[in-house]
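*Asks:* Provided herewith is a single structure, encoded as structure tokens, for subsequent inquiry.
The values are calculated or read from the model by the stated rules, or taken from the named source; none is laboratory data. Being a predicted model, the structure only gives us computed values, none of them experimental. We place every Cβ from the backbone using ideal geometry, glycine too, and count neighbours over all the protein chains shown. When the accessible area is computed, the model is the full protein with side chains, heavy atoms only, and any ligands, DNA or RNA have been set aside. Shrake-Rupley method; radii C 1.70, N 1.55, O 1.52, S 1.80 Å.
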Protein chains: 2
Amino acid sequence: MTLTFPAPAADKHELEAAGDFTPRFDATGLVTAVVTDAGDGELLMVAHMNAQALALTIETGIAHYYSRSRSKIWKKGETSGNLQTVVELRTDCDQDAVWLKVRVAGDDASCHTGRRSCFYRTVRQVENKAVMDIADDTLHFDPESVYAS
Amino acid sequence: MTLTFPAPAADKHELEAAGDFTPRFDATGLVTAVVTDAGDGELLMVAHMNAQALALTIETGIAHYYSRSRSKIWKKGETSGNLQTVVELRTDCDQDAVWLKVRVAGDDASCHTGRRSCFYRTVRQVENKAVMDIADDTLHFDPESVYAS
């Protein structure tokens, strides 16, 4: 990793301007990553990146995240083949989130359940509860065989 | 607030199925909210919601967030007039993030800088640094006059 990130400016206007990218990592060292399909704009997933994952992503053009459950760098699609090539990277006004527009290889699936998007369920109110309905149930791969090890 | 959220299931497959929405709030009581335009799908902003903000959003159909900097519920657009009407709400496989497809009122701007989207800057590598370029500099309102108090 050769890419380094300077410390964020204290000045709000400087943070919101053009210039050096100075990501504002949270107390656990992470920024939020929103991932959409570069073709049709569909929201595919939300993940997190530490400085190393962010640097690897920018340097290689392939999306890397930080897995909070496994406490390690996670090259998305390394097991399933569904690698994500970054077409464009953006950041938001306060630099604590990034937006990756990606092309997905393999089965064109970004969810570990085998679906294209992790956001396959809608939420609606039913009396004093909220319930989820499945909006997309198309499996692009069989998670049981792909993740069996 | 009449809407309540049951505790998340310990079983992973149950979390990923249809049924009661059981958001997995993090250690600070928040889920991530990704907000896109219901018309053209543009990513507008990323914010956070506690249980109260999530319940208010579902009950009223108007997006409410939790402001981490101000430590309070934040009805988006209350000052600027850029209220967000929720057309569809989704959640992801592990229920720690929600996706709001919204219609923005007022000036059609969701960033406090006056721009339509908070993600108005692209990031690219230049030698061992990453730099930001402004991709959208159209101001839909004047933040200095709107937020003056």
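*Asks:* Just to confirm the number: angle between the C-alpha axis of helix A:51-60 and the first principal axis of chain A, 0 to 90 degrees, nearest 10?
*Replies:* Approximately 80 degrees, to the nearest 10.
*Asks:* Here's another thing I want to ask about it. Every other copy gets compared here: list the nm distances from the residue A:67 label point (7 Å along Cα to Cβ) to its counterparts, shortest first, one decimal.
*Replies:* 3.8
*Asks:* While we're here: If the only charges are +1 at each Lys and Arg Cβ and -1 at each Asp and Glu Cβ, what is the size of the charge dipole of the range A:91-138 around the Cα centre, to the nearest 20 debye?
*Replies:* 140 debye
*Asks:* Let me ask another. Express in nm, to one decimal, how much length is gained between residue B:148 and residue B:88 on full extension, taking 0.36 nm for each residue of separation and deducting their alpha carbon distance.
*Replies:* 18.3 nm
*Asks:* State, to one decimal in nm and shortest first, how far the label point of residue A:81 sits from each corresponding label point in the other identical copies (label point: 7 angstrom along Cα-to-Cβ).
*Replies:* 5.4
*Asks:* About the Cα centre of the protein assembly as shown, how large is the charge dipole given +1 on each Lys and Arg Cβ and -1 on each Asp and Glu Cβ? Please answer in debye to the nearest 20.
*Replies:* It comes to approximately 560 debye.
*Asks:* Provide, in order from the shortest bin, the percent of all Cα-Cα pairs of chain A in each 10 Å bin, continuing until the bin that contains the maximum pair distance.
*Replies:* Calculated P(r), rounded to whole percents: 11, 36, 32, 17, 5, 0.
*Asks:* Another question about this same structure. Taking a probe of 1.4 Å, how large is the accessible area per residue of the range A:12-113, in Å²?
*Replies:* 39 Å²
*Asks:* Right, another one. Over the Cα atoms, compute the radius of gyration (one decimal) and Dmax (the largest Cα-Cα distance, rounded to a whole number) for the range A:68-149, in Å.
*Replies:* Radius of gyration, then largest Cα-Cα span, for the range A:68-149: 15.8, 43 Å.
*Asks:* How far, in nm, would the chain grow between residue B:124 and residue B:15 when pulled straight, counting 0.36 nm per residue and subtracting the alpha carbon separation?
*Replies:* Going from the current span to full extension adds 35.5 nm.
*Asks:* Which translational diffusion coefficient, to the nearest whole µm²/s, is obtained for the range A:6-70 from the Stokes-Einstein equation, given a Kirkwood hydrodynamic radius over C-alpha pairs, 25 °C and 0.890 mPa s?
*Replies:* The calculation lands on 184 µm²/s.
*Asks:* With a 1.4 Å probe and every protein chain kept in, tell me what percent of the accessible surface of the range B:1-59 is carbon plus sulfur.
*Replies:* Whole-percent figure for carbon plus sulfur exposure: 51.
*Asks:* Figure the gain on full extension for residue A:59 and residue A:133 (residue separation times 0.36 nm, minus the Cα-Cα span) and round it to one decimal in nm.
*Replies:* Working it through step by step, the gained length comes to 22.7 nm.
*Asks:* So, one more: Over chain B, what relative contact order in percent results from Cα pairs under 8 Å that are six or more residues apart?
*Replies:* RCO, chain B: 19 percent.
*Asks:* Further question on the same structure: One decimal, nm, shortest first: give the distances between the label point of residue A:142 and those of the same position in the other copies, each label point 7 Å from Cα along Cα→Cβ.
*Replies:* 6.5
*Asks:* Connecting C-alpha atoms closer than 10 Å in a GNM of chain B, tell me which of B:51, B:109, B:130 has the biggest fluctuation.
*Replies:* B:130
*Asks:* Using only the alpha carbons of the protein assembly as shown, determine the length spanned along each of the three principal axes and report them from longest to shortest in whole angstroms.
*Replies:* The Cα atoms of the protein assembly as shown stretch 51, 49, 33 Å along the principal axes, largest first.
*Asks:* How large is the dipole of the range A:12-113 about the Cα centre if only Lys and Arg carry +1 and Asp and Glu carry -1, each at its Cβ, rounded to the nearest 20 debye?
*Replies:* 420 debye
*Asks:* Sticking with this structure for a sec: Suppose we consider the axis relating copy B to copy A; can you name the residue of B with the nearest Cβ and state that distance in angstrom as an integer?
*Replies:* B:41, 2
*Asks:* If Lys and Arg each add +1 and Asp and Glu each add -1, what is the summed charge of the other residues whose beta carbon sits under 13 Å from the beta carbon of residue A:39?
*Replies:* Residues close to residue A:39 contribute a combined charge of -2.
*Asks:* With θ set to phi - 60°, apply the Karplus curve 6.51 cos²θ - 1.76 cosθ + 1.60 along the range A:62-67 and write out the HN-Hα couplings as whole Hz, x wherever there is a Gly or Pro.
*Replies:* Those phi angles translate into 10, 5, 10, 10, 10, 7 Hz.
*Asks:* Any idea which of B:69, B:43, B:140 is furthest toward the positive side of the dipole for the range B:32-149, if Lys and Arg beta-carbons carry +1 and Asp and Glu beta-carbons -1?
*Replies:* Working it through, the farthest residue towards the positive pole turns out to be B:69.
*Asks:* Return the value, in Å² to the nearest 100, of accessible area buried between chains B and A (probe 1.4 Å, both sides summed).
*Replies:* Between B and A, the summed buried area is about 4500 Å².
*Asks:* Considering only A:34, A:123, A:98, give the residue with the highest GNM mean-square fluctuation for chain A, with springs between Cα atoms whenever their separation is below 10 Å.
*Replies:* A:123
*Asks:* What are the aspartates and glutamates whose alpha-carbon lies under 14 Å from the alpha-carbon of residue A:129, with same-chain residues fewer than 8 places away excluded?
*Replies:* Candidates past the 8-residue exclusion: B:20, B:59.
*Asks:* From the helices alone, meaning DSSP H stretches of at least four residues, give me the mean residue ellipticity at 222 nm for chain B, per-run term -39500 (n - 2.57), in deg cm²/dmol to the nearest 500.
*Replies:* -2500 deg cm²/dmol
*Asks:* Return the single residue from A:19, A:39, A:29 with maximal mean-square fluctuation; model: Gaussian network over chain A, springs between Cα atoms under 10 Å.
*Replies:* The residue that fluctuates most here is A:19.
*Asks:* Going through the range B:61-149, which trypsin sites (Lys or Arg not before Pro) have at most 13 other Cβ atoms within 10 Å and a DSSP loop state?
*Replies:* Taking the range B:61-149 and a limit of 13 other Cβ atoms within 10 Å, the loop trypsin sites (Lys or Arg not before Pro) found are B:70.
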